[in-house]
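Student: Next up is a structure, given as structure tokens.
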């Protein structure tokens, strides 16, 4: 029936349209550049932070949508942040070497995510890139290249740890995200990787802008060390110098747009045109999935969220119908712009036995990306004929897949199979409407993967109770989102057992320059909509490298690169001298009330409670009320959190958050209580 339908449509097209645009598809002059894959980026702001905390079923379904071949997005590259203990937009990611004298390859969640991706697609390519670095690499400066050998060893150790501890092969490694690229360092990194058996780990430089690429071409040794030139948000264009460099060109970070249908149009357009206009053979989207708290920066600038899975289905037109190592056909022989707007690319298998043509006709206003500005163009309905010759002259039919973005309130369609379309005398004709994506392919194994409707969104549950006992040592608590500093689970034994410890001892080498305005730490949890709540936490400060003071906070209104500007209510204590204060800012400068209670706030463990109802805040330490005062009405709501006044060790245990009307909020809870991850808000 499908084949009959398209034969009829082919006939009717000539009755409807007098003109038919012809496009050649052949390999008579050879093939074009190697296709390097389509990918997504986890990190570069801890965007995947909460995914590990989802209920098992929903988490596995999401992972299938992203990574399972021939099912959903079928990602071919997973790019991850190499944690550097510093903020990169929405949270920090833990370094494998907080300090120079230790290594740990169990921290964070990127190891877990890479293994889950490999479990579903053993052929997925893995790509690591640092955004920030622990401070010890800079020797008191903000320059990670201060000691190039030490930096190269630090990156090599991450690649080595991936292999030894997780059986993960890192295929690509970057330099420093959107920051200065030191050319000598590239050569040092290449040398240390080669000397330690990682000759097959390729270097992508510079993960910034085309202007930073030009210096590489001045030095033959640097050029030889680099395998691909990676740029961010190129606007589908590449300069002649890059095109003539002989290197593979990558849009190594792109998209970054709100994931509604316009964002989907952006993605569909650039996936084709990055090659058509810029000869870029890989496009990687920031970010992979919205799995971080709402109200932090860049909400829903992702390929998928638990609420609105849109863009991942547009991946399928390319990723399900081609593989890394296929080749683009040459321009005007299978690649080009459509006469009435839009573009087409043709990918062929190495043995030329399979072919896929991807056509997009996204209109200007329905394919705007967040950056750069898109020049005006028009798209109209067009009758398109592809003329298949050379190795493809004997193809008799092609399978057809279609996505239609509607923008008018009607239901769009994503990666819908329309059966087959005939190839008659080497020609295949289709009508393509504005805002459609169509793939024609010889492959017959693609699927529109789909699971049942997920549970409805729900608010973050209260009460929230966390004692960290269920976590592996060195892991990062799943639902805590550190905005500054880095927090690991450690086992201190005794009554407290496992606790959460702030681990950063000195200012990291920052990606967000604004974080240098604040030498304290902050770790948030929960809902930005929380207003009248009570938070209670056990805190220990003491020993070598301990922080001076620590706090609990509510109504915290800011995170990301401007964490230093966070307002809210912050209850600080300083056990060494018994001081306390309640401030309206995370820096501790805007003091509402302060005092000294040396007999109440003691060295060792202290239990702090902060309860806010309307404009009244009450602070309790070890069961003794220290204040009950009027507080500013702004901000009226925000996250809960814990933190330290400066970098340094601090232990937190038995975090409890309840509605402020709960009279049991200030009571000591048993270690038997714990957080149920099944209660987590999967819409966050």
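Student: Treating region 37-326 as a set of equal point scatterers at the Cα positions, no solvent, please give the Debye-formula log₁₀ I(q)/I(0) at q = 0.09 Å⁻¹.
Tutor: Values, matching the q order: -0.39.
Student: Between the helical axis of 183-195 and the dominant principal axis of the chain, each derived from Cα atoms, what acute angle in degrees is found, rounded to the nearest 10?
Tutor: Relative to the chain, helix 183-195 is tipped by roughly 90 degrees.
Student: What residues from region 139-160 fall in the zone where the backbone N is under 20 Å from a label point 7 Å along the Cα-to-C-beta line of residue 517?
Tutor: Only 142 pass the distance filter.
Student: OK, next. With N residues in the chain, what two-decimal value do you get for its Cα radius of gyration over 2.2 N^0.38 Å?
Tutor: Values: Rg = 27.4 Å, N = 684, 2.2 N^0.38 = 26.3 Å.
Relative to the rule-of-thumb radius for its length, the chain sits at 1.04.
Student: Turning to a different aspect of this structure: Under a point spin-label approximation (7 Å from Cα along Cα-to-Cβ), what is the residue 29-residue 562 distance to one decimal in nm?
Tutor: Spacing of the two 7 Å Cα→Cβ label points: 5.2 nm.
Student: Just the projected area, averaged over all directions, of the convex hull on the alpha carbon atoms of region 464-679: how many nm²? All intermediate terms of the calculation are to be shown ahead of the outcome.
Tutor: Numbers: hull surface 44.1 nm².
One quarter of the hull surface, i.e. the mean projection, equals 11.0 nm².
Student: Shifting gears a bit: Given a Förster distance of 45 Å, report the FRET efficiency between residue 141 and residue 529 from their Cβ-Cβ distance, rounded to the nearest 0.05.
Tutor: Details: r = 41 Å, r/R0 = 0.91.
About 0.65, to the nearest 0.05.
Student: Now, a different point. Quote to one decimal, in nm, the extra length available between residue 337 and residue 260 on full extension: 0.36 nm per residue of separation minus the C-alpha distance between them.
Tutor: On the way: separation 77, 0.36 × 77 = 27.72 nm, distance 2.51 nm.
Answer, rounded to one decimal: 25.2 nm.
Student: I'd like to compare 528-537, 543-552: which one has the highest average count of other Cβ atoms within 10 Å, and what's the full order after that? Before the final figure, lay out the partial values.
Tutor: Values: 528-537: 21.6, 543-552: 19.3.
The most tightly packed comes first, giving 528-537, 543-552.
Student: Can you figure out the FRET efficiency of residue 594 with residue 57, using R₀ = 60 Å and their beta-carbon distance, to the nearest 0.05?
Tutor: Working: r = 49 Å, r/R0 = 0.82.
Between residue 594 and residue 57 the formula returns 0.75.
Student: Then there is this: If one takes the longest principal axis of the Cα atoms in the chain, at what angle in degrees, from 0 to 90 and to the nearest 10, does the Cα axis of helix 110-120 lie?
Tutor: Helix 110-120 sits roughly 40 degrees off the main axis of the chain.
Student: Please report 395, 170 as a ranked list, fewest other C-beta atoms within 10 angstrom at the top and most at the bottom. All intermediate terms of the calculation are to be shown ahead of the outcome.
Tutor: Details: 395 16, 170 24.
Neighbour counts put them in this order, fewest first: 395, 170.
Student: Sort the following peptides by mean Cβ neighbour count (other Cβ atoms within 10 Å, averaged over residues), highest first: 214-225, 397-408.
Tutor: On the way: 214-225: 14.5, 397-408: 18.3.
Ranking, from highest mean packing down: 397-408, 214-225.
Student: Which order do 326, 131 fall in if you start with the one that has the fewest other Cβ atoms within 10 Å? Mind showing how you got there, number by number?
Tutor: Working: 326 20, 131 28.
Ascending number of Cβ neighbours within 10 Å: 326, 131.
Student: At 7 Å along the Cα-to-beta-carbon direction for both residue 491 and residue 425, put a label point, then send me their distance in nm to one decimal.
Tutor: Computed distance between label sites residue 491 and residue 425 equals 7.8 nm.
Student: Assuming R0 = 60 Å, can you tell me the calculated FRET efficiency for the pair residue 220 and residue 628, based on Cβ-Cβ distance, to the nearest 0.05? Spell out each step's value before the answer.
Tutor: Details: r = 71 Å, r/R0 = 1.19.
For residue 220 and residue 628, the calculated efficiency is 0.25.
Student: Still on this structure, please answer the following. Specify the angular offset, from 0 to 90 degrees and rounded to the nearest 10, of the alpha carbon long axis of helix 2-16 from the longest principal axis of the alpha carbons in the chain.
Tutor: 70 degrees
Student: So how much slack lies between residue 195 and residue 544, counting 0.36 nm per residue of separation and subtracting their Cα-Cα distance, in nm? Before the final figure, lay out the partial values.
Tutor: Details: separation 349, 0.36 × 349 = 125.64 nm, distance 3.76 nm.
Result: 121.9 nm gained on full extension.
Student: So between residue 458 and residue 391, what do we pick up on full extension, going 0.36 nm a residue minus the alpha carbon distance? Please list the in-between numbers first.
Tutor: Working: separation 67, 0.36 × 67 = 24.12 nm, distance 5.47 nm.
Computed gain between residue 458 and residue 391 is 18.7 nm.
Student: So, one more: Can you give me the relative contact order of the chain as a percent, contacts being Cα pairs under 8 Å and 6 or more apart? Can you show the working numbers first?
Tutor: Details: 1784 pairs, mean separation 108.1, N = 684.
Answer for the chain is 16 percent.
No lab work stands behind these numbers, since they all come straight from the coordinates. All figures in this text were calculated on a predicted structure; none of them were measured in a lab. Glycine also receives a Cβ, built like all others from the backbone with ideal geometry; neighbour counts cover every protein chain displayed.
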